[in-house]
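Worksheet for the structure shown next.
The values are calculated or read from the model by the stated rules, or taken from the named source; none is laboratory data. The structure presented is a predicted model; accordingly, all values stated were derived computationally and were not measured. All Cβ positions, glycine included, derive from the backbone under ideal geometry; neighbour counts span all protein chains shown. Side chains included, ligands, DNA and RNA excluded: accessible areas come from the protein's heavy atoms. Shrake-Rupley method; radii C 1.70, N 1.55, O 1.52, S 1.80 Å.
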Amino acid sequence: MGWQENKADLKSHWDENGWVFVRGFLDADEVAGLRKEIDRYIDKVAPTVPEYEVMYDVKGKPETLKRLGHMSKYDEYFSDLIHTGKFMALAELLLGGDVAPQYCQLFNKAARVGVETPAHQDSYYIPLQPNEALTMWLALDTADEGNGCLRYISGAHKLPVRPHGPTEIFGFSQGVTDYGDADYAAEVPVPAEPGDVAIHHWQMVHRAGPNTSDRDRWGLGSVYHVAGAKPDAELQEARARDLEKKRAEWAAKGKSGR
């Protein structure tokens, strides 16, 4: 049974746990077509975008591509992808009404060098009013515990935002600072095959391990806000000031705090 025939159960799981998983969201032909468009983007579009939108784990090694930021901002195909069809329909179901597509971007954990994704909440980076938004992570490769599949803390979206602080992990400025044994024990790993999609609430605590395998782990992340949600500029600025303060403290102790 596809997700369209299972909407009530899907929404119930979302409301209770703050995340859902849809197997076969895209079929094999759709995944192949998307991969072809990503290759085109890397070849034709990526060289024209601002340098900060293209990130590598190892500078100068294209095979260690880490992130292609805000692809829908620079390319019509990816803009159309998140503004139409099943992506929009699924976001509307889970958020319970009209949504505002924001952007999509490619994430990769390159074989053998892809670093861990620290535990964090998307809502900490970009607080919203109301705080109703989601991130879809569409698998383009097999994702398992060997190459860094997503891991969720079910129900975390119902709780206050966790304390965050600077990390030394390239590409992730902040992570949850009080993530402990109870959190690791409560994690739900979400392995996926190409075409599967994992979706989590903006407030969901999640992380992913490093890629210690000889396989890449590509995924397309798409972000949707509930219609009318606005960034909480005051809170975002306060958190930015706190980050700079903590970075200064780290620097004084000889740490980088990226």
Dipole in debye (nearest 20) - the range 1-129, about Cα centre, beta carbon charges: Lys, Arg +1; Asp, Glu -1 | 460 debye
Å² of accessible area per residue within the chain, as computed with a 1.4 Å probe and no ligands counted = 48 Å²
Straight distance only, please: which lysines reach the Cα of Lys61 with their own Cα at less than 27 Å, same-chain residues fewer than 8 apart left out?
-> Lys36, Lys44, Lys73, Lys109, Lys255
Extending each Cα 7 Å along its Cβ direction at Ala28 and Asp214, get the distance between those two points in nm, one decimal.
-> 2.4 nm
Carbon/sulfur accessible area of the chain, % of total, 1.4 Å probe, equals 52 percent
For the chain, the dipole about the Cα centre with charges only on Cβ (Lys and Arg +1, Asp and Glu -1), to the nearest 20 debye, works out at 840 debye
If R0 is 25 Å, what FRET efficiency do you get for Ser12 and Ile169 from their C-beta distance, rounded to 0.05?
-> 0.15
Farthest toward positive dipole pole in the range 151-258 [+1 Lys/Arg, -1 Asp/Glu at C-beta], among Ala185, Ala238, Ile199 = Ala238
